[in-house]
Each structure stands twice: as structure tokens, then as C-alpha cells.
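Colleague: What follows is a single structure, and I will ask about it in a moment.
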């Protein structure tokens with residue numbers, strides 16, 4: 001077993017076994033009402049907790065997690081709202097986490113991109129399944145690793 005905590009002489013603390021993940025979108029097409037499939041894994045601890053085929057993360061340890069979602073849309077209208085839900089499955093099915101609806105709106109006359117950026121701290125039980133779902137979409141998700149990110153890191 002490797003080091004669980006590393007403390008540098010400068011006082012910096014490194015927790016290499018701290019549960020978390022970071023994923024992005026490289027090639028998947030995303031549609032309204034569908035689970036966002038984050039198909040490119042940047043990192044995960046422990047290995048095997050994030051499924052790039054389904055976009056679902058299985059929580060490896062109960063606790064409070066800082067979760068961040070960033071998405072860029074290829075807007076094809078001049079107005080409209082865009083929602084994404086952070087959902088968790090603790091048993092009979094997935095439901096939106098309290099405080100987990102992320103929103104951006106677009107108004108005006110131009111047909112330009114819209115960026116959705118949201119983060120929060122959520123408590124998840126061990127083995128909960130977590131995903132993001134497009135619940136209202138105007139345009140499509142920009143399919144590039146430069147603009148899209150879904151990540152979580154255990155805080156306590």
C-alpha cells in the first residue's frame with residue numbers, strides 16, 4: 001500500500017488516495033433528456049469508480065464532495081434557457097439532488113455559445129451513483145475537452 005498522506009517540509013499536504021474524479025467530453029453527442037456521457041477520464045481515485053461508457057460515477061466513500069460541472073453549448077437559437085441536473089441513485093432510481101439543478105439563460109439577438117458553470121458541496125453515501133442529465137437544451141453540447149468538465153473531490 002502506498003502513502004496515504006504526504007507532508008512536505010514546506011507544510012503542503014498531499015492526499016494521493018483522496019477519492020475523486022475528473023472527466024470531460026471528447027466525442028459524444030448529447031441530446032435533451034439524456035444522460036451526459038463524459039467519455040474521457042482525466043483522473044479517478046480509486047480506479048474503476050467512473051464509467052466513461054455511461055457517464056456515471058459510483059461514490060467510493062461516503063462524505064461531502066465538492067462537485068463542479070462546466071458545459072459549453074453550440075447555441076442554434078437567439079434565446080432560451082439551458083438546464084442540467086445533478087442526479088443521484090441511492091436505491092429505487094435516479095433523482096435530482098437538492099440544489100443540483102444548474103441553469104444558464106441566453107437572451108439577445110445573436111446566435112452565440114452559452115457556458116454553464118456550476119459547483120456545490122453535496123453529501124453522497126458510499127456506492128451512490130451520480131450522473132448529469134440535460135433536462136432542457138437549446139443547441140448542442142460543444143464536443144471538445146477544452147470546454148467541458150465534470151469533477152468531484154472528497155472534502156470530508
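Colleague: Under a point spin-label approximation (7 Å from Cα along Cα-to-Cβ), what is the residue 153-residue 18 distance to one decimal in nm?
Modeller: 0.5 nm
Colleague: Continuing with the same structure: What's the exposure ranking of 82, 38, going from fewest to most Cβ atoms within 10 Å?
Modeller: Numbers: 82 23, 38 29.
Ranking 82, 38 by Cβ neighbours within 10 Å, fewest first, gives 82, 38.
Colleague: What is the distance, in nm, between label points placed 7 Å from the Cα along the Cα-to-Cβ direction at residue 62 and at residue 45?
Modeller: Output for this residue pair reads 2.2 nm.
Bear in mind these aren't lab numbers, they're just calculated from the coordinates by the rules spelled out. Note that the structure is predicted; figures quoted are calculated from it, not measured. Neighbour counts are summed over all protein chains in view; Cβ atoms, including those assigned to glycine, are modelled from backbone coordinates with ideal geometry.
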